[in-house]
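Everything on this sheet refers to the single structure shown next.
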Amino acid sequence: MMSKGPVDESRCGRPRRGIPKGVFWLRRPLDTTVAAIVQKLPNGTVTLNPPGFDYGPIPALEKMTQEHCEWLWGSSPQEFAPSQKLLIKEYRLVSPDGSTDFFIDVKFDRDRLIKYRVRSTLIEPMKWCTVANEERP
């Protein structure tokens, strides 16, 4: 079982070098700790938990399980994609001031995060991003 809540916000998300543009630190709606980082690159692509930040105990995306996501981002109703036999979940996070909602949609296969997409009024609609996972058979 994982410990309570995400991580100490004084540590999580601290950039290793300078503060890049287009970065959004996200938190759960009723919490103050950083639970995820989203970066919008100049070419319009969006990355969840991009490299170059200190994530503390937050695992890399390729090691994320459903339990990790629930621990970080809160509970979410389950939805199965019957034709694909995948578990799909939606998590709601907010900007630090709580004024903007961000939705992280995730797909799990055998309890491993395999795809994600981020939705918000501050970013263009995006397609599903595949999580590189060399451990998968």
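Compute the accessible area per residue over region 53-120, keeping the other protein chains in place, probe 1.4 Å, unit Å². Value for region 53-120: 48 Å² per residue.
Only loop residues by DSSP count here, and only those with at most 12 other Cβ atoms within 10 Å; note down the trypsin sites (Lys or Arg not before Pro) in region 31-107 that meet that.
Values: sites: Lys40, Lys63, Lys85, Lys89, Arg92, Lys107; in loops: Lys85.
Answer in residue order: Lys85.
Ordering 117-129, 23-35 by mean Cβ neighbour count within 10 Å, with the highest value first, yields 23-35, 117-129. The modelled label-to-label distance for the pair Lys127/Glu62, using points 7 Å beyond Cα in the direction of Cβ, is 2.1 nm.
Report the FRET efficiency, 1/(1 + (r/R0)^6), for Asp109 and Thr45, where r is their Cβ-Cβ distance and R0 is 25 Å, rounded to 0.05.
Values: r = 23 Å, r/R0 = 0.92.
Efficiency computed from Cβ-Cβ geometry: 0.65.
The values are calculated or read from the model by the stated rules, or taken from the named source; none is laboratory data. On a predicted model such as this, the values are computed, not experimentally measured, just so you know. Because the Cβ atoms are built from the backbone with ideal geometry, glycine has one as well, and the counts that use them run over all protein chains shown. Surface areas here come from the heavy atoms of the whole protein model, side chains and all, with no ligands, DNA or RNA. Shrake-Rupley method; radii C 1.70, N 1.55, O 1.52, S 1.80 Å.
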